[in-house]
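Only one structure is covered here, and it is reproduced in the block below.
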Amino acid sequence: KNQVEQSPQSLIILEGKNCTLQCNYTVSPFSNLRWYKQDTGRGPVSLTIMTFSENTKSNGRYTATLDADTKQSSLHITASQLSDSASYICVVSDYGDYKLSFGAGTTVTVRA
Amino acid sequence: EAGVTQFPSHSVIEKGQTVTLRCDPISGHDNLYWYRRVMGKEIKFLLHFVKESKQDESGMPNNRFLAERTGGTYSTLKVQPAELEDSGVYFCASSQGSGGFEETQYFGPGTRLLVL
C-alpha cells in the first residue's frame, strides 16, 4: 500500500476559481513534505516544502498546509490560471532517508 | 544554468531488446537519482549515486536493470532484455550536498519508454 495518498485523482475548474488538493500520508518518522507541479512532458518541479514544525507555506498563488498530527496536507490554488493545468504531486521524506515517497498525483485542468 | 537533461525523450522498443537511457545532472551535483513511473502508479525510487558510487540501489526491480555513472558526471540506465512491464516514464533527478532528506531534488523531463 502506498504511503502517500492523494485526492481527488483529477479535477476540472474554471479559470479564476480556487481549488484544494488533499494529501494523506503514513510515512514515519516524518521529515518533510513537498508539493511538486508536473507539467505535461516535463519533470516535477518543487512548489513548497514544509517540515514538521511548519503548518503553512505559500508560493505565489499556491498555499500548502500541513497537519503533522493527523498526517494530512493540502495545496490550495487561488485564482487559477490556464497555466496551472498540471499534475500536482505530494512527496514525503522519511527522517534521515533521502528516498522520497510519492503520491500518484492530482491532475488539475483549468478551463477558460 | 542548465537543468537536468535526459535522452532520449521517448523510446519504443520490442520485448527482448536493449535500451539505454541517459541522464545529465546539473553541473556540480554529486547526487543523482533514478526514478520510474509506470502507468497509473506513483513515481518510485530506483537508485541513488553519490558521484560515481552507488549509494543505494534497493529500488532496482531486477538484474535486467543496470545503472552506471562513470566519472561521476552523467549516468546511464540500461534495460536488457526489456519486458512489457518495463514500460513507463523514467525520471532522473540530481541534488547538491550530502544528499540528505532536506535537499531539493531537481528532476529531468523523463524518458518515456514503451516496450511492445
Measure out, as a whole number of angstrom, how far apart the alpha-carbon centroids of segment A:40-112 and segment B:55-116 sit.
23 Å
So how exposed is B:Thr70, as accessible area in Å² (1.4 Å probe, rounded to 10)?
110 Å²
Quick one: which of A:Lys71/B:Lys51; A:Lys57/B:Lys54; A:Lys71/B:Lys78; A:Lys57/B:Lys51; A:Lys17/A:Lys99; A:Lys17/A:Lys37 span more than 27 angstrom between C-alpha atoms?
A:Lys71/B:Lys51; A:Lys57/B:Lys54; A:Lys71/B:Lys78; A:Lys57/B:Lys51; A:Lys17/A:Lys99
Would you mind giving the three semi-axes, in whole Å and largest first, of the ellipsoid equivalent to the protein assembly as shown according to its Cα gyration tensor?
29, 21, 16
Quick check on chain B: of the DSSP beta bridges with both residues there, what percent are antiparallel, nearest 5%?
90 percent
May I ask you to list the trypsin sites (Lys or Arg not before Pro) in segment B:7-116 that are in a DSSP loop and have at most 13 other Cβ atoms within 10 Å of their Cβ?
B:Lys15, B:Lys41, B:Lys51
Residue-wise, which Karplus ³J(HN,Hα) couplings in Hz belong to segment A:58-69, taking 6.51 cos²θ - 1.76 cosθ + 1.60, θ = phi - 60°, and x for glycine or proline?
10, 9, x, 7, 9, 10, 9, 10, 9, 10, 5, 6
Note, segment A:36-45: 3J(HN,Hα) by Karplus (6.51, -1.76, 1.60, θ = phi - 60°), whole Hz, Gly/Pro = x, goes 10, 10, 10, 6, 4, x, 10, x, x, 10
Give, to the nearest whole percent, the P(r) tail of chain A beyond 20 angstrom, counting all Cα pairs.
35 percent
Excluding ligands and nucleic acids, what accessible area in Å² is computed for B:Glu103 using a 1.4 Å probe, to the nearest 10?
30 Å²
Explain nothing, just the number: relative contact order of chain B, from Cα pairs under 8 Å at least 6 residues apart, as a whole percent.
36 percent
Starting from the 7 Å offset along Cα-to-Cβ, what nm value, one decimal, do you get for the label separation of A:Ala68 and B:Val50?
2.5 nm
Looking at chain A, what % of its DSSP beta bridges pair antiparallel, to the nearest 5?
90 percent
Rounded accessible area of A:Tyr62 (nearest 10 Å², 1.4 Å probe):
20 Å²
Loop-resident trypsin sites (Lys or Arg not before Pro) in segment A:20-50 with no more than 15 other Cβ atoms inside 10 Å, DSSP not H/G/I/E/B, are A:Arg42
Over its alpha-carbon atoms, segment B:46-96 yields an Rg and a Dmax in Å of 11.3, 34
On the accessible surface of chain A, probed at 1.4 Å, how many percent belong to carbon and sulfur atoms?
49 percent
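The values are calculated or read from the model by the stated rules, or taken from the named source; none is laboratory data. Since we're looking at a predicted model, the values are computed, not measured. A quick note on method: Cβ atoms are made from the backbone with ideal geometry, for glycine too, and the neighbour counts reach across all protein chains shown. Accessible surface areas use protein heavy atoms only, side chains included; no ligands, DNA or RNA. Shrake-Rupley method; radii C 1.70, N 1.55, O 1.52, S 1.80 Å.
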